[in-house]
Amino acid sequence: MEKAKIDNDYILEVKNLKKYYPVSRFSISKNRAYVKAVDDISFKIKRGTTMGLVGESGCGKTTAGRSILRLHDITGGQVVFDGKDLSKISPGKLRRMRPQMQMIFQDPYSSLSPRMPVGEIIGEAVREHRIVPKSQYRSYILKVMRDCGLQPQYFYRYPHEFSGGQRQRISIARAVALNPKFIVCDEPLSALDVSIQAQIINLMKDLQEQYGYTYLFISHDLSVVEYISDTIGVMYLGSMMEMGDKKRIFENPMHPYTKALLSAVPISDPDVKMNRIILSGDIPSPVNPPSGCKFRTRCQSCMEVCARKVPKLKEYEEGHMVACHLYSQD
Amino acid sequence: MGLLNIFKRKKIEGIDNTMYLTLRDERRISKENNKIIKYYERMKARKNVPEEEYLTQMRDPNNVVEFENLHTYFFTDVGTVKSVNGVSFDVPQGKIVGIVGESGCGKSVTSLSLMQLVQAPTGQIVEGSIRYKANDGKCYEITKVPRDKMLKIRGKDISMIFQEPMTSLNPVFRIGEQMDEVVLLHEDGMTPESAKKRSIEMLRLVGIAMPEKIYSKYPHELSGGMRQRVMIAMALSCNPRLIIADEPTTALDVTIQAQILELLREIKEKINGSIMLITHDLGVIAEMADLVVVMYAGRIIEKGTVREIFHSPKHPYTIGLMKSKPSGKTTDDRLFSIKGQVPNPINMPDHCYFYNRCDRAMEVCLGEYPKLIQFSPTHFAACYLYDESRLSGDDLAKE
Amino acid sequence: MTDKERNKAMSYTDNNNTEPELVQNFRVISPGRMVAKRFFKSKLSIAGLIMIIFVFIFSFVGPLIIDATWGYKETQVFKIERNTDMVTVAQFTGPDGRTYDYYDKSQTVIIFKAPPSAEHWLGTDTSGFDIFTRLMYGGRISLVISFIVIFLETLVGIILGGLAGYFGKWVDQLIMRIVDVFACLPYLPILLVLSAAISSIETIPAEHRIYYLMAFITLMGWTGVARIVRGQILMLREQEYMMAATTTGISSIHKIFRHLIPNTMPQLIVSATLGLGGVILYESTLSYLGLGVPFPRAAWGSMIALADPSRGQEILAYYPNMWVPAGILIVVTVLGFSFIGDGLRDAFDPRMKR
Ligand SMILES: Nc1ncnc2c1ncn2[C@@H]1O[C@H](COP(=O)(O)OP(=O)(O)OP(=O)(O)O)[C@@H](O)[C@H]1O
Ligand SMILES: Nc1ncnc2c1ncn2[C@@H]1O[C@H](COP(=O)(O)OP(=O)(O)O)[C@@H](O)[C@H]1O
Ligand code: SF4
Ligand code: SF4
Ligand SMILES: [Mg+2]
Ligand SMILES: [Mg+2]
């Protein structure tokens, strides 16, 4: 029923987001080197949908996710969440807004405080933000736990007694208990076994259906992203290379990097042999990325113009944007 | 007082079936463990063992390795972990054998047993045999080979590639130094110059563009994919007949993974060796392996050729695994998921280990552990669903 | 939060009469419990615990029992008559020109250095104090001092180290440089000089000397704690659960007290336990040198000082009952704290986890 109310507006708008990390803190020279972890990316997410963010490790996915939630200061750009510009909001106000945007972490072991029982991990912030009246606190937490597939007697247990999958459920319950609108999922599956991954994906999908959450789903597993997302963004060295509807990206990948990425996914069928694009060369250092198109050192269709000019992210079909000189830039 | 409870046993049926050990139990267990461990350690430390004692004959001369009823246990203070509990399979010459399974199901321990690298003293091979045919035609019974002899076999004939390439390279030595050392150790009549030549040649073989430059770099200066290549080059430098690759691409990105897998396949052709490929990614198995072994909680539940496993999986766990991986086809409906989780390794049930998660479990499944049932000369699965002699009329009716 | 959202939150709880029963009748293994279990598994830590419990009972319960049964006090002087008859024989020539023999039979009266006996188990010392009783009072003061000092050290260390770790930047720089300065001062010489200075200032009553002493030991000792706390906090700040705490939007105070401090505790407990033994040693050293606990009060260090060879070999050689027990108690206490500290460290160490 929540889903019926979803209108077409965007819950999150990221405009020209930049996050640079200085390379060394005690650099003597004035013009310090920076790792451009996120370098000018823009995208929007519709309410109640899931956007997948894929890319190689170190390409800035986590940094993008954390910058959006203002978990650290950003170097430039704007994040507009639900009509409010998060980059301008005061710390106190931001803290009060936090319950609305949550995060699920990659490592189920280090993301739960080892000295707190599960009930407290999930409920601490619920109490602090007074999400429910005091009298209903207990039953509310238990309800959330049941929704996330945790048994009520786990309430008093400590994280060390749980397996990776159960810990990830606790982590999800902690986010869900705050009644958020938007959840950043930073590779929530990569530390889990295949059979447990399916349980967690189903749980996340069910919760989305029930409560209309919006997800930003970060992953390097393309098959999972294909399954769970509505739109997909492909990142490479801090920049968005291709972005659009899931169908369009998977059926008609335009960017050479996306093509390589898609062809590299191993297929679970011994009779299907993919015509694989093997990228030669390694990922360049993010401290000094190649000039022009960042992908040109590994691109098979690299042209002369690619070294000179940075390709702009342009829309070629409806809801399908690509940054590559192979397609007309004007 | 809460503190005193650590000395008491309290277990409430129904609500809490987790076993908690009291202090006294733990003391008793560790005392017993010490006795057992001492016995096995003494066996391994023997010197001047006559060769007859550990030379043996292969069942099938085409195999490089034969595991038979291997049991490797860890004697921990909280109880005995039966990490490998009766595993039998063969690695034929020139083939890639894929081992899949959930984390903690004993994949790594199986391969470490072959190398005699199981973390001693708690980890010990307690039963079964591993027969290995070396380059010189001799067949060794690895479980009986004394430690000093094993040093020679390990690394030269069998080499291993680990999951985390950073931790398996020593950070304080240059790549070249580490590679030369391996060559010098295992090859007779090598001079430092020829070792260097060999190392550079190997680096070139694994597709590193400027091997001379990489030769004098430190591990931290390389990317993950490069380090994994260096590991592979190192593993190859002594002409091994068997490469054990323990999750060689789990820490890498898909594009790098594709490179490494391609490389492994090429190299296998070049040296005509065998590969034991351990992974939890079914896609990787489907692409690489000729034969597949599916493990669950320390046992083999199904084995067969890739086609058999992927086109007609028999065991409910294998079937579930195939279905639970999202692929382009399954887009909109719910994913199939196997409920529950792996049972506690210390308190394994007597019946089928998969019982608590199986959606086709029957009454007979609570009987003794199911035997391997043969479907074809190569295809086996351990499940009562296919055991006609054991199925009662009731269960058949339900089918 | 708007009404609509609140309603959504409430929808979770509308049928709250179905709350599952949450009786806490099952075993919960908390991290503390695991630590306790691992602690008790080591024989050495149990030995340490027994030693410390013994010393505690000896020093805190002991005096009460002694007081109740025999009524001995800390500074009660026992002049013990020793029934050694002394016969003096002399000859003198009387006025009558004859030689007389003179016999004098007398009893020696004031004997302080009584040997061990039923009334005085370990005898009395040079001032006539009961040694056994004074051992108890000496233990009391040593333990009290060491606990107060460690408490203060830890408190100061947590606050300064916590500030440095949590705020970083210039706060960190400033505090850590102060720590560096303190850490390179030679501990014992400075302590000796300061104590000597204090005892020479006449306006300070002798009884108060001990407070200054504690202040000095604290002043010298907080730096270690500060370093540990800062290091821990720097490490913990990188943990994902701290970031998770930020995302849930709980306040900084709660973040520090519910997430940071509890997770630094293991390290602190270990270092404090190991530190207790150290403080007892310092206190004993100072008392031995006469710079610590002032005279009529008992202290293990000053009891050993009776045997100081520079004041003659007599006590060292013939009265081991005066100084050996104090020495043994110091050894037992310091060893006990070390064993417990080591046991705790092993118990807390995550590598011990199976
Ligand atoms: N705190 C930091 N200080 C300096 N550089 C950083 C920091 N955090 C991230 N980086 C750099 O920023 C880049 C992007 O990092 P990020 O963690 O966002 O990658 P990612 O795409 O999430 O990778 P993965 O898939 O491995 O999680 C990397 O080059 C990384 O080294
Ligand atoms: N050094 C060790 N001590 C105790 N138990 C161990 C040790 N190494 C592995 N195990 C146990 O053996 C089982 C199998 O582990 P492993 O073979 O590493 O799993 P995987 O299939 O993921 O490679 C697990 O239950 C694990 O806990
Ligand atoms: S812009 Fe040029 S180098 Fe970059 S992806 Fe397109 S073709 Fe390749
Ligand atoms: S034996 Fe029974 S429980 Fe085990 S996998 Fe087969 S059907 Fe399932
Ligand atoms: Mg990341
Ligand atoms: Mg493994």
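The values are calculated or read from the model by the stated rules, or taken from the named source; none is laboratory data. None of these values were measured; they are calculated from a predicted model. Don't worry about glycine lacking a Cβ; one is built from the backbone with ideal geometry, like all the others, and counts go over all protein chains shown. For accessibility, only protein heavy atoms count, side chains too; no ligands or nucleic acids. Shrake-Rupley method; radii C 1.70, N 1.55, O 1.52, S 1.80 Å.
The set of residues from the stretch A:107-128 being within 8 Å of another protein chain (Cβ to nearest Cβ) and touching a residue at least 24 places away in the same chain (Cβ under 8 Å) comprises A:Asp107, A:Ser111, A:Leu112, A:Ser113, A:Pro114, A:Arg115, A:Met116, A:Pro117, A:Ala125. Residues that are under 23 Å from A:Val322 (Cα atoms), assigned to a loop (DSSP other than H, G, I, E, B) and of a type in the set (A, V, I, L, M) within the stretch A:248-278 comprise A:Met254, A:Val265, A:Ile277, A:Ile278, listed in sequence order. Looking only at the stretch C:216-236, decide whether some residue is surrounded by fewer than 21 Cβ atoms within 10 Å (Cβ to Cβ), within 12 Å of chain A (Cβ to nearest Cβ), assigned to a helix (DSSP H, G or I) and at negative phi. The answer is yes; a qualifying residue exists.
Just wondering, is there one or more residues in the stretch A:230-240 that are over 26 Å from B:Arg229 (Cβ atoms), charged (D, E, K, R) and open to solvent by less than 30 Å² (accessible area, probe 1.4 Å)? No: the stretch A:230-240 contains no residue that is over 26 Å from B:Arg229 (Cβ atoms), charged (D, E, K, R) and open to solvent by less than 30 Å² (accessible area, probe 1.4 Å). Mind checking whether some residue in the stretch A:223-239 is under 30 Å from A:Met145 (Cβ atoms) and within 16 Å of ligand 4 (Cβ to nearest atom)? No, the stretch A:223-239 contains no residue that is under 30 Å from A:Met145 (Cβ atoms) and within 16 Å of ligand 4 (Cβ to nearest atom).
Going residue by residue through the stretch B:291-314, is there one that turns out to be touching a residue at least 12 places away in the same chain (Cβ under 8 Å), within 16 Å of ligand 2 (Cβ to nearest atom) and not in a strand (DSSP E or B)? So far as the stretch B:291-314 goes, yes, one or more of its residues are touching a residue at least 12 places away in the same chain (Cβ under 8 Å), within 16 Å of ligand 2 (Cβ to nearest atom) and not in a strand (DSSP E or B).
Selection of the stretch B:271-315 for residues being out of contact with any strand residue (DSSP E or B) (no Cβ under 9 Å at 6 or more places or on another chain) and surrounded by fewer than 23 Cβ atoms within 10 Å (Cβ to Cβ) yields B:Asn272, B:Gly283, B:Arg307, B:His311.
Quick check on this structure: which one of A:Ile121, A:Ile141 is at pLDDT 90 or above, farther than 25 Å from A:His220 by Cβ and touching a Lys or Arg at 6+ places or on another chain (Cβ under 7 Å)?
A:Ile121 is the lone residue from the list that is at pLDDT 90 or above, farther than 25 Å from A:His220 by Cβ and touching a Lys or Arg at 6+ places or on another chain (Cβ under 7 Å).
When the test is whether a residue is at pLDDT below 85, within 16 Å of ligand 5 (Cβ to nearest atom), in contact with a strand residue (DSSP E or B) (Cβ under 9 Å, 6 or more places away or on another chain) and away from every other protein chain (no Cβ under 14 Å), A:Val35 passes it.
A single member of B:Ile338, B:Ile346 is surrounded by 17 or more Cβ atoms within 10 Å (Cβ to Cβ) and away from ligand 6 (no atom under 16 Å from the Cβ), and it is B:Ile338. Taking the criterion of being charged (D, E, K, R), within 17 Å of C:Tyr241 (Cα to Cα) and at the interface with chain C (Cβ under 10 Å from one of its Cβ atoms), the only residue of the stretch A:162-181 that qualifies is A:Arg174.
All of (1) within 11 Å of chain B (Cβ to nearest Cβ); (2) touching a Leu at 6+ places or on another chain (Cβ under 6 Å); (3) of a type in the set (A, V, I, L, M, F, W, C) hold for A:Phe250 with one exception: (2).
Residues in the stretch A:186-193 include at least one that is within 11 Å of another protein chain (Cβ to nearest Cβ) and either free of Cβ contacts under 8 Å to residues at least 24 places away in the same chain or in contact with a His (Cβ under 9 Å, 6 or more places away or on another chain) (or both).
If you take the residues in the stretch A:62-93 that are open to solvent by less than 10 Å² (accessible area, probe 1.4 Å) and part of a helix (DSSP H, G or I), which one is nearest to ligand 2 (Cβ to nearest atom)?
First, pick out the residues of the stretch A:62-93 that are open to solvent by less than 10 Å² (accessible area, probe 1.4 Å): A:64-65, A:67-69, A:79, A:81, A:86.
In the following step, the residues that additionally are part of a helix (DSSP H, G or I) were identified as A:64-65, A:67-68.
Working: A:Ala64: 31, A:Gly65: 28, A:Ser67: 34, A:Ile68: 34 Å.
Checking each candidate, the answer is A:Gly65.
For the stretch B:271-290, the set of residues classified as more than 23 Å from A:Ser195 (Cβ to Cβ) and either small (Gly, Ala, Ser) or without any contact (Cβ under 8 Å) to a residue 12 or more places away in the chain (or both) consists of B:Gly273, B:Ser274, listed by residue number.
Counting just the residues of the stretch C:41-50 that are open to solvent by 30 Å² or more (accessible area, probe 1.4 Å) and assigned to a helix (DSSP H, G or I), which one comes out nearest to A:Tyr158 (Cα to Cα)? Give the derivation first.
Just the residues of the stretch C:41-50 that are open to solvent by 30 Å² or more (accessible area, probe 1.4 Å), to begin with: C:41-44, C:46-47, C:49-50.
Now drop any that are not assigned to a helix (DSSP H, G or I), which leaves C:41, C:43-44, C:46-47, C:49-50.
On the way: C:Lys41: 22, C:Lys43: 27, C:Leu44: 28, C:Ile46: 26, C:Ala47: 30, C:Leu49: 27, C:Ile50: 30 Å.
Among those that are open to solvent by 30 Å² or more (accessible area, probe 1.4 Å) and assigned to a helix (DSSP H, G or I), it is C:Lys41.
Given the condition within 14 Å of chain A (Cβ to nearest Cβ), out of contact with any helix residue (DSSP H, G or I) (no Cβ under 7 Å at 6 or more places or on another chain), of a type outside the set (Asp, Glu) and more than 16 Å from ligand 2 (Cβ to nearest atom), answer yes or no: does some residue in the stretch B:91-108 qualify? Yes: one or more hits. In the stretch B:121-169, which residues are touching a helix residue (DSSP H, G or I) at 6+ places or on another chain (Cβ under 7 Å), in a helix (DSSP H, G or I) and open to solvent by 20 Å² or more (accessible area, probe 1.4 Å)? Selection gives B:Lys144, B:Arg147, B:Met166, B:Ser168. All of (1) open to solvent by less than 50 Å² (accessible area, probe 1.4 Å); (2) touching a residue at least 60 places away in the same chain (Cβ under 8 Å) hold for C:Arg140 with one exception: (1). Remark: A:His160 falls outside the filter, which requires a residue to be in a loop (DSSP other than H, G, I, E, B) and surrounded by fewer than 17 Cβ atoms within 10 Å (Cβ to Cβ).
Say whether the condition of being more than 14 Å from chain B (Cβ to nearest Cβ) and either assigned to a helix (DSSP H, G or I) or open to solvent by less than 10 Å² (accessible area, probe 1.4 Å) (or both) is met by at least one residue in the stretch A:204-212. Show your work before the answer.
Narrowing the stretch A:204-212 to residues more than 14 Å from chain B (Cβ to nearest Cβ): A:211-212.
After this cut, where a residue has to be either assigned to a helix (DSSP H, G or I) or open to solvent by less than 10 Å² (accessible area, probe 1.4 Å) (or both) as well, the list is A:211.
Yes, the stretch A:204-212 contains at least one residue that is more than 14 Å from chain B (Cβ to nearest Cβ) and either assigned to a helix (DSSP H, G or I) or open to solvent by less than 10 Å² (accessible area, probe 1.4 Å) (or both).
Filtering the stretch B:242-249 for residues that are among the acidic types (Asp, Glu) and either touching a residue at least 24 places away in the same chain (Cβ under 8 Å) or in contact with a strand residue (DSSP E or B) (Cβ under 6 Å, 6 or more places away or on another chain) (or both) leaves a non-empty set.
Can you confirm whether the stretch A:274-295 contains a residue that is away from ligand 5 (no atom under 16 Å from the Cβ) and closer than 30 Å to A:Gln199 by Cα?
To start, the set of residues in the stretch A:274-295 that are away from ligand 5 (no atom under 16 Å from the Cβ) comprises A:274-282, A:284-285, A:287-295.
In the following step, the residues that additionally are closer than 30 Å to A:Gln199 by Cα were identified as A:274.
Looking through the stretch A:274-295, at least one residue is away from ligand 5 (no atom under 16 Å from the Cβ) and closer than 30 Å to A:Gln199 by Cα.
Among the conditions (1) open to solvent by 60 Å² or more (accessible area, probe 1.4 Å); (2) more than 14 Å from chain A (Cβ to nearest Cβ), B:Val364 misses just one, which is (1).
Condition (residue is open to solvent by less than 70 Å² (accessible area, probe 1.4 Å), over 25 Å from A:Ser280 (Cβ atoms) and not in a helix (DSSP H, G or I)) applied to the stretch B:179-186: is it met by at least one residue? No: the stretch B:179-186 contains no residue that is open to solvent by less than 70 Å² (accessible area, probe 1.4 Å), over 25 Å from A:Ser280 (Cβ atoms) and not in a helix (DSSP H, G or I).
From the set of residues in the stretch A:279-314 that are of a type outside the set (Asp, Glu) and assigned to a helix (DSSP H, G or I), which is nearest to ligand 3 (Cβ to nearest atom)? Filtering first and then ranking leaves A:Cys306. None of C:Glu207, C:Glu153, C:Glu202 is touching a residue at least 12 places away in the same chain (Cβ under 8 Å), loosely packed, with under 15 Cβ neighbours inside 10 Å and assigned by TED's automatic domain parsing to the domain that holds C:Leu291 except C:Glu207.
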